[in-house]
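Chemist: Sharing a structure with you now.
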Amino acid sequence: MAGKTKIKPKNMLHGARVYLSGPMDFVASRVVEKKFGWRNRLSEFLRSYEVTVFDPWNKPAVRGLHEYGQEGVDTSRLREGWTFEDSPHGAAARAKCSGQFWESMHIDLRMVDTSDFVIAYCPTNIYSVGTPHEIVVCRLQKKPVLFVSPKILFPALANLRDHLKTDGKGAQLLEDLVQEVPIKENPAGSPSFWYMTLVGGENFFDGFGFDRFFQRFPQWEKNRISLDKQEAGADLKRPLLPFLERLNSALPQKWDNKFKRYARNDDWLLWEFEKKKGGGLEVGQAHTESEKS
């Protein structure tokens with residue numbers, strides 16, 4: 001049954017806290033993304049390892065502040081009040097937009113602060129600002145970011161080009177649209193050079209690999225999402241979920257450019273908490289054992 005699977009090898013991830021970062025604003029549909037997006041499956045997978053998941057679609061309640069920072073499918077409508085009008089009325093409208101969203105930004109960044117590491121889904125074809133901000137905050141705190149950068153292909157574009165090959169005007173309008181949007185494929189899924197340097201080479205993944213866990217989570221196969229179709233023929237070289245499965249038993253290493261070998265990755269600090277007499281928890285130690293190269 002969904003949500004019932006518990007994994008009990010070394011269980012190094014037990015008690016870890018993870019924030020799920022990724023585009024929410026300029027996705028194709030906020031309704032679909034919230035109800036069926038990648039965060040739902042990843043949350044289920046992580047909770048099977050007894051991980052605390054911070055999902056910006058489902059922000060935790062703040063004591064004493066009713067619905068503080070809560071974000072829904074209609075939040076993007078705040079932008080409808082935006083104006084560039086250079087007047088007191090325009091200044092008030094801009095202040096209202098930025099002020100209303102401040103609560104959501106505050107909660108999301110606090111969840112990043114509280115997390116042990118961040119998982120970020122960053123397709124290069126979706127505009128996002130909050131995600132880079134969250135990644136930078138995480139890396140400034142020397143915490144790992146696991147960065148999923150999928151291949152970006154537009155088979156519908158190729159089909160439309162083929163369909164319009166005898167329609168000169170239609171074909172030109174399509175090419176004008178490609179330039180105006182712009183529509184840029186990224187068949188290798190390569191992230192930006194800035195992300196490469198910021199995140200570190202060993203923390204990049206070309207997909208999730210959900211299909212490899214259909215047997216453990218049969219509801220995923222029953223309720224397929226668009227990512228399943230995208231990853232089906234992608235020949236993933238480094239999917240995220242198998243990495244997380246290994247992470248539960250041993251901390252990952254990083255490549256040492258100086259010595260040309262794998263070495264301990266000091267960004268990984270997973271605390272082990274101990275219950276204390278009288279209540280509460282206390283940090284017992286940090287997991288430090290790395291996987292063998």
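The values are calculated or read from the model by the stated rules, or taken from the named source; none is laboratory data. Not measured: the values here are computed from a predicted model. Methodologically, a virtual Cβ is constructed for each residue, glycine included, from the backbone with ideal geometry; neighbour enumeration extends over all protein chains shown.
Chemist: Kindly indicate whether Gly69 is assigned by TED's automatic domain parsing to the domain that holds Val199, over 18 Å from the mean Cα position of the chain (by Cα), at pLDDT 90 or above and surrounded by 13 or more Cβ atoms within 10 Å (Cβ to Cβ). Walk me through how you get there before you give the answer.
Modeler: Numbers: assigned by TED's automatic domain parsing to the domain that holds Val199: yes; over 18 Å from the mean Cα position of the chain (by Cα): yes; at pLDDT 90 or above: no; surrounded by 13 or more Cβ atoms within 10 Å (Cβ to Cβ): yes.
For Gly69, the condition - assigned by TED's automatic domain parsing to the domain that holds Val199, over 18 Å from the mean Cα position of the chain (by Cα), at pLDDT 90 or above and surrounded by 13 or more Cβ atoms within 10 Å (Cβ to Cβ) - is not met.
Chemist: Go through (1) touching a residue at least 12 places away in the same chain (Cβ under 8 Å); (2) assigned to a helix (DSSP H, G or I); (3) within 27 Å of Pro239 (Cα to Cα); (4) among the small types (Gly, Ala, Ser) one by one and return the number of the condition Ser104 breaks.
Modeler: All conditions pass for Ser104, except number (3).
Chemist: While we're on this one: In region 168-182, is there at least one residue being out of contact with any Asp or Glu (no Cβ under 7 Å at 6 or more places or on another chain), assigned to a loop (DSSP other than H, G, I, E, B) and more than 25 Å from Arg39 (Cα to Cα)?
Modeler: yes
Chemist: What number of residues in region 193-208 are in contact with a Leu (Cβ under 9 Å, 6 or more places away or on another chain) and either surrounded by fewer than 15 Cβ atoms within 10 Å (Cβ to Cβ) or not charged (D, E, K, R) (or both)?
Modeler: 6
Chemist: Of the residues Phe217, Phe213, Phe205, which is in contact with a helix residue (DSSP H, G or I) (Cβ under 9 Å, 6 or more places away or on another chain), under 15 Å from Ile119 (Cβ atoms) and hydrophobic (A, V, I, L, M, F, W, C)? Steps first, answer last, please.
Modeler: Values: Phe217 fails: under 15 Å from Ile119 (Cβ atoms); Phe213 fails: under 15 Å from Ile119 (Cβ atoms).
Of the residues listed, the single one that is in contact with a helix residue (DSSP H, G or I) (Cβ under 9 Å, 6 or more places away or on another chain), under 15 Å from Ile119 (Cβ atoms) and hydrophobic (A, V, I, L, M, F, W, C) is Phe205.
Chemist: Which of the residues that make up region 126-163 are outside any helix (DSSP H, G or I) and crowded, with 18+ Cβ neighbours inside 10 Å?
Modeler: Ser128, Lys143, Pro144, Val145, Leu146, Phe147, Val148, Ser149, Pro150, Lys151, Ile152
Chemist: List pairs: first in region 211-227 and more than 17 Å from Pro242 (Cα to Cα), second among the aliphatic types (A, V, I, L, M), Cβ under 8 Å, 6+ apart or cross-chain?
Modeler: Gln219/Ala2
So that you can scan it fast, the table gives a plain yes or no per residue for (1) in contact (Cβ under 8 Å) with a residue 40 or more places away in the chain; (2) closer than 26 Å to Gly233 by Cα; (3) not basic (Lys, Arg):
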{"residue": "Arg139", "(1), (2), (3)": "yes, no, no"}
{"residue": "Lys143", "(1), (2), (3)": "yes, no, no"}
{"residue": "Lys151", "(1), (2), (3)": "yes, yes, no"}
{"residue": "Ala156", "(1), (2), (3)": "no, yes, yes"}
{"residue": "Asp162", "(1), (2), (3)": "no, yes, yes"}
{"residue": "Lys165", "(1), (2), (3)": "no, no, no"}
{"residue": "Ala171", "(1), (2), (3)": "no, no, yes"}
{"residue": "Leu174", "(1), (2), (3)": "no, no, yes"}
{"residue": "Leu177", "(1), (2), (3)": "no, no, yes"}
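Chemist: Now for a separate question. Go through region 228-271 and give me each residue that's loosely packed, with under 14 Cβ neighbours inside 10 Å, of a type outside the set (A, V, I, L, M, F, W, C), under 24 Å from Pro150 (Cβ atoms) and without any contact (Cβ under 8 Å) to a residue 24 or more places away in the chain.
Modeler: Within region 228-271, Lys229, Gly233, Asp235 qualify.
Chemist: Can you tell me which residue is surrounded by the most Cβ atoms within 10 Å (Cβ to Cβ) among those in region 105-118 that are closer than 16 Å to Gly15 by Cα and among the β-branched types (Val, Ile, Thr)?
Modeler: Step one: filter region 105-118 for residues closer than 16 Å to Gly15 by Cα, giving 111-118.
Subsequent filtering for residues that are among the β-branched types (Val, Ile, Thr) retains 112, 114, 118.
Working: Val112: 23, Thr114: 12, Val118: 26.
Here the answer is Val118.
Chemist: Scan region 193-202 for residues that are at negative phi and out of contact with any helix residue (DSSP H, G or I) (no Cβ under 6 Å at 6 or more places or on another chain) and jot them down.
Modeler: Passing the criteria: Phe193, Trp194, Tyr195, Met196, Thr197, Val199, Gly201, Glu202.
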